[in-house]
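The values are calculated or read from the model by the stated rules, or taken from the named source; none is laboratory data. If you're wondering where the values come from, they're calculated on a predicted model, not measured in any experiment. In this analysis, Cβ positions are derived from the backbone assuming ideal geometry, glycine residues included, and neighbour counts consider all displayed protein chains. In case anyone asks, the SASA skips ligands and DNA or RNA and just uses the protein heavy atoms, side chains included. Shrake-Rupley method; radii C 1.70, N 1.55, O 1.52, S 1.80 Å.
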Amino acid sequence: MCGIAGYIGYRDAYPIVIKGLQRLEYRGYDSAGILLFDKDVSISKTKGKVSDLEAIMINGIFKKGSIGFGHTRWATHGVPNNVNSHPHVSNSGELVIIHNGIIENYDAIKKELIKRGYTFQSDTDTEVLVNLIEEVKKTHDCKLGKAVQIALNQVIGAYAIAVFDKAKPDEIIVAKLGSPIAIGIGKENKEFFVASDASPFIEYTKDAIYLEDEEMAIIRKNKEIKIRKIKDDSLITPQVQELKMNLEQIEKGGYDHFMLKEIHEQPNAITDTYRGRLIADQGIIRLSGVDNNLEKFTNANRIIIVACGTSWHAGLVAEYLFEDFARIPVEVEYASEFRYRNPILTEKDIVIAISQSGETADTLAAIKLAKEKGAFVYGVCNVVGSSIARESDAGSYTHAGPEIGVASTKAFTTQITVLSLMALRLANVKGTMSSSKYHMYLQELELIPQKIASLLKIDDHIKEIAKTYLLSNNCLYLGRGFNFPVALEGALKLKEISYIHAEGYPAAEMKHGPIALIDDRMPVFVIAINKGHYEKVVSNIQEIKSRKGKIIAVVTEGDTQVKEIADHVIEIPETEEAFTPLLTTIPLQLLSYHIAVMRNCNVDQPRNLAKSVTVE
Ligand code: M6R
């Protein structure tokens, strides 16, 4: 969590840093702050969003300087207020820091520093770190880079930091462990950009270096960048990568919100996911990560999927896909639980980590544990070059393009697309699916984008339904089989952006408890497609109806039975049951979106959340 953006070069740093922070607000928006240097240091910071920071910087004097860095915070240690906002300054006023991550042993360090006469203004772990660096600098009588290195060897936790020394105003030191840092390289080293991801500098340069864990960089104007290992000081040769992202992809493109744009991008995003991988008319699926490790997959005892949130829901869909298509036993685990419960793993286990951001701390820790225990780790990530992608033994990117809205939408459907391709490829290799079925599934998968496109056209109908339920306090979501995870995902979407309490359940579990909640004020969203357990779901709908619950049913085009009972129906095009989650989830995303907008909620940046959860 938290976003950092910095600049050192010949341009005005202020607009670059501010715009960069706006693009990184998906990482947290509890407070924002900026340091600029122009003859002297100026620091401005405030509780609230980057727009609040801009509002307090009305005096242009403080906007000057061609070196600067800023921070957008997701609070961990210390409530969101002005004092706890970054940047933080050392006791002497000489050193300034911004930090994304958590220093776990900050309390012990703080006590030691207090004994040595240090005082603290904030409740943050970051202020402790900058003073530790100052103390090291003093006691070792060394330069900033060395002091940062020594200090970081004393801390436990995670960090992406940028540090500035008033005495050396042509230099920024950055370092990373656990939290990401990308460095943009300008022409002839005349300027450098620093950020939590590459979006803040995409219009200035396509050349970027992603720091690895336990690396630090010394960045100076007009000088070659120097990267060192924090542990042993050894020099690293920088690996410059060419960025593929473009500016359009990270802007709203005429939509009111990123979430709406991303919902509408799904037909193209899914096409991009299977482009070059699915050649339906020839019966070919190419996934290099799987193809290069076919033996591992075909001999696997089981697949364990680790993920969080929406990605975990995609993992649940994958459980049905892998077991049904490829007959491989699957377990789906919350990464946060898996990492702490001493799981039994062998070399014949495959751990699939699913993560949009590729930076989720629990998922990253889970795969590190899996690797230690000898399992083969496969990453399904969206963000190219992200920590989980790099830590995995092999993997497939979802190629959904940047997802900025905190609520995951296209990440979910593209994850399911990759997982469907994997399951089909393995089914074909293992011979667990007849050739005719395999070909039929490939053809059907190829048609999904156009079916989503047609479904998106009924947005007005969904908006009307949203109006009816926008004042609800509670909602239930029910589904069975492949659509049970969609019920969970529908409920998560509603609660996270509209703050309405919502629960997802397998429809048959109703009678084991939740049915007690049903009355005439309880909207129940039921996925009742004409496949799998249709008749049983219809019975569940009857049970709800006879207790006066309101039914909003997602049905297959042409349905007549549910239409007679439900208060509202939303039709989805016909497809194979295994691919229905790719369609049934779309109206639920739109419903949540419209309800949240009508309730005046901040759809793209819901309260207390962040897009990339890089802390436990
Ligand atoms: O980046 P990841 O996919 O690892 O993120 C996992 C969750 O934090 C994420 O899916 C979260 O639940 C979303 N806000 C859901 O919309």
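Quick notes
- Inter-site label distance for Ser234 and Glu446 at 7 Å from Cα along Cβ, in nm: 5.0
- For region 1-148, a crude dipole built from +1 on the beta carbon of Lys and Arg and -1 on the beta carbon of Asp and Glu, taken about the Cα centre, is about 280 debye to the nearest 20.
- FRET efficiency for Asp52 and Asp12, using Cβ-Cβ distance with R0 set to 22 Å, rounded to 0.05: 0.60
- Label point of Lys190 set 7 angstrom out along Cα-Cβ; within region 196-230, amide nitrogens under 16 Å from it belong to 204-207, 221-224.
- Carbon and sulfur %, accessible surface of region 252-455 computed with the full protein complex present, 1.4 Å: 45
- Scattering from region 350-409 was approximated by placing one identical point on each alpha carbon and applying the Debye formula without solvent; log10 I(q)/I(0) at 0.22, 0.27, 0.30 1/Å stands at -0.77, -1.06, -1.25.
- Applying the Karplus relation 6.51 cos²θ - 1.76 cosθ + 1.60 with θ = phi - 60° to region 259-274 yields 3J(HN,Hα) values of 4, 5, 4, 6, 4, 6, 6, 4, x, 6, 4, 5, 4, 5, 5, 9 Hz, where x marks Gly and Pro.
- Glu331 long-range amide H proximity, modeled H, under 5 Å: Ile303, Ile304, Ile305
- Solvent-accessible area, 1.4 Å probe, carbon plus sulfur percent, for region 507-616: 46
- Normalised by 2.2 N^0.38 Å, where N counts its residues, the alpha-carbon radius of gyration of the chain equals 1.01.
- Solvent exposure of the chain amounts to 38 Å² per residue of accessible area, where only protein heavy atoms count and the probe is 1.4 Å.
- The chain, relative contact order in percent, only Cα pairs under 8 angstrom and at least six apart counted: 12
- A simple spin-label model places pseudo-atoms 7 Å from Cα toward Cβ; at Lys548 and Lys437 they are separated by 4.6 nm.
- Sites Thr468 and Glu337 - FRET efficiency at Förster radius 35 Å, r taken between beta-carbons, to 0.05: 0.40
- Residues listed by number, region 571-601, amide nitrogen under 13 Å from Lys457 label point at 7 Å toward C-beta: 573
- Relative contact order of region 76-122: 38 percent, from C-alpha pairs under 8 Å at least 6 residues apart in sequence.
- Here region 3-249 exposes an accessible surface that is 50 percent carbon and sulfur, computed with a 1.4 Å probe and the other protein chains kept in place.
- A Cβ-based charge dipole, computed about the Cα centre of the chain with Lys and Arg at +1 and Asp and Glu at -1, lands at about 900 debye.
- Computed label-point distance, nm, for sites Asp256 and Asn301 using a 7 Å Cα→Cβ extension: 5.3
- Here the Kirkwood formula, the inverse mean of 1/r across different C-alpha pairs, assigns region 252-455 a hydrodynamic radius of 17.0 Å.
- Euclidean distance of C-alpha centroids, region 46-116 and region 156-205, integer Å: 16
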